[in-house]
Each structure stands twice: as C-alpha cells, then as structure tokens.
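In what follows, a structure is listed as structure tokens, so that the remarks can point back to it.
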Amino acid sequence: IPGSHTDADVSHFPALIASRIAALREQLHTALAADDAMRARLDALAAHVAAHDVKSVDVDAARAHLGAYIDHTQLKPTATQAEVLKLCDEAVAHNFVAVCVAGSNVATVAHRLRDSNVRIAAVVGFPTGAQTPSIKAAETRECIRDGAHEIDMVINNGRVKDHNLEYVYRDIKAVVDAAKSEPMPHSPKAGKVDHALVKVIIESGYLSETEVVDVCLLSVLAGADF
C-alpha cells in the first residue's frame with residue numbers, strides 16, 4: 001500500500017475488505033451466478049475476514065531460508081544473453097527459488113537450468129499490463145511451452161482505475177485458464193506442480209488502498225496462486 005509502514009495501523013482492514021467483498025458480489029453478480037468455483041472462493045474469503053483469520057509469518061524462520069523467497073530477476077530491456085546466463089548461475093549458487101525473465105529469454109534459461117532446482121518465472125503483459133486478455137493468454141501458453149514454471153502477469157491498471165472490475169477479473173482469469181490448461185513440458189525438479197503457477201503483479205504505486213484490496217480479491221476469485 002503506497003506510503004504504508006510496518007507499524008501502520010491496519011485495524012480498519014477487515015471492515016474495508018468486507019465492504020469490498022460486498023461490492024464485488026453486486027458488480028460481478030452475473031459471473032458469480034454462472035461460476036460455482038468463483039462463488040465458493042468469494043464465500044471462503046468472506047468467512048476468513050469475518051473470523052479475522054490472518055496468518056502470521058515466522059520472521060526468524062524466513063530469514064534462515066531467505067533464498068526460498070527470492071525470484072532473481074533480469075527484466076531490463078537491454079538485457080543480453082550473457083547477462084541472462086549470469087542471472088541463472090547466480091540463482092543456482094545462492095539457492096534462489098526462481099529466476100524471472102522476459103518471454104524471449106525463457107528457452108535460454110530453461111536450457112541453462114535444466115539440471116537445477118531453480119524454477120523459471122516469465123512475465124506476461126509486462127510492463128504496462130495494457131495488452132488484451134487474449135494476447136496475455138497466448139503469451140502465457142508460449143512461455144510455458146518454452147519452459148516456464150510460473151507466470152507473472154501485470155494487471156490492466158487503466159481498467160482498475162475505470163472501476164471495471166469484471167474486465168480485470170476476466171483479464172486475470174484468461175491467464176490462469178491458459179496456465180492451467182497448457183501442459184508443462186519441463187516440470188520443475190523441486191516442488192512439482194501439475195500446472196504453471198500464476199502470480200499477479202499489482203502496481204500498488206498507481207492504486208488507492210481500496211483498489212489494491214479489489215485487485216487482491218479479484219486475483220483470488222480468478223484462481224491465481226499469489
């Protein structure tokens with residue numbers, strides 16, 4: 001959340017999230033009526049919020065296994081193949097959980113990391129998120145075919161600002177559906193999964209607190225992994 005700090009007062013979050021869940025029920029009523037899984041996710045979210053079911057993080061344990069939380073990333077537009085390969089070698093050396101690269105570099109990374117436990121993440125709709133849902137879905141499928149284990153998609157911030165929550169939901173869902181339906185020819189050696197995971201990149205600097213909550217809720221409803 002823009003401007004927030006670790007000691008910020010978050011006591012208002014349960015009420016804010018509950019109010020946004022109610023708003024989603026109203027704005028997405030047609031989609032909810034047609035999608036049992038989506039409706040079940042929203043009901044589960046509402047139940048968790050009502051119970052104040054907030055998970056805590058064991059900071060000391062997290063520090064002891066810091067590499068398992070790091071996606072080593074190279075996304076600058078001028079990144080060379082040598083820089084991408086260096087990224088891979090560093091990830092292996094430091095036991096990072098994943099490397100994150102642009103789609104055009106996924107095949108190179110998959111070859112370099114073929115005998116390692118490092119996962120491969122690929123960005124979709126990067127950096128603006130303004131591509132159509134169908135383009136993002138096609139990009140997702142190609143990245144997975146090239147060797148990606150995780151898809152990091154950028155939301156359409158303009159549609160969030162328009163309060164067009166149904167579009168934002170369909171945008172995320174298009175990527176999730178593509179990731180779940182595309183077979184992974186290169187399954188990760190560690191933490192095997194049935195399909196590529198989907199991470200939703202939320203550009204919180206552009207969004208209000210309420211908009212951040214809305215996008216988080218929509219990501220869960222669409223079936224994104226995190």
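The values are calculated or read from the model by the stated rules, or taken from the named source; none is laboratory data. Bear in mind the structure is a predicted one, so any value in this text is a computation, not a measurement. Please note: Cβ atoms are built from the backbone with ideal geometry, for glycine as well, and neighbour counts cover all protein chains shown. The accessibility values were calculated without ligands, DNA or RNA, using every heavy atom of the protein model including side chains. Shrake-Rupley method; radii C 1.70, N 1.55, O 1.52, S 1.80 Å.
Of the helices (runs of 4 or more DSSP H) lying entirely inside segment 46-126, those containing at least 2 residues that are surrounded by 12 or more Cβ atoms within 10 Å (Cβ to Cβ) and touching a helix residue (DSSP H, G or I) at 6+ places or on another chain (Cβ under 7 Å) are 81-93, 106-112.
On the stretch given as segment 82-110, residues that are over 17 Å from the mean Cα position of the chain (by Cα) and in contact (Cβ under 8 Å) with a residue 24 or more places away in the chain total 14. For segment 196-211, name all the residues that are surrounded by 19 or more Cβ atoms within 10 Å (Cβ to Cβ) and assigned to a helix (DSSP H, G or I). Correct list: GLU211 only.
Residues in segment 139-148 that are open to solvent by 10 Å² or more (accessible area, probe 1.4 Å) and within 17 Å of the chain's Cα centre (by Cα): GLU139, ARG141. Selection over segment 138-166 of residues that are assigned to a helix (DSSP H, G or I), in contact (Cβ under 8 Å) with a residue 40 or more places away in the chain and under 17 Å from LEU218 (Cα atoms) gives a count of 5.
Across segment 156-179, which residue is nearest to HIS29 (Cα to Cα) among those that are of a type in the set (A, V, I, L, M) and surrounded by 22 or more Cβ atoms within 10 Å (Cβ to Cβ)?
So the residue we want is LEU165.
If you go through segment 24-45 and keep only what is free of Cβ contacts under 8 Å to residues at least 60 places away in the same chain, surrounded by 14 or more Cβ atoms within 10 Å (Cβ to Cβ) and either in a helix (DSSP H, G or I) or in contact with a Leu (Cβ under 7 Å, 6 or more places away or on another chain) (or both), you end up with ARG25, LEU32, ARG39.
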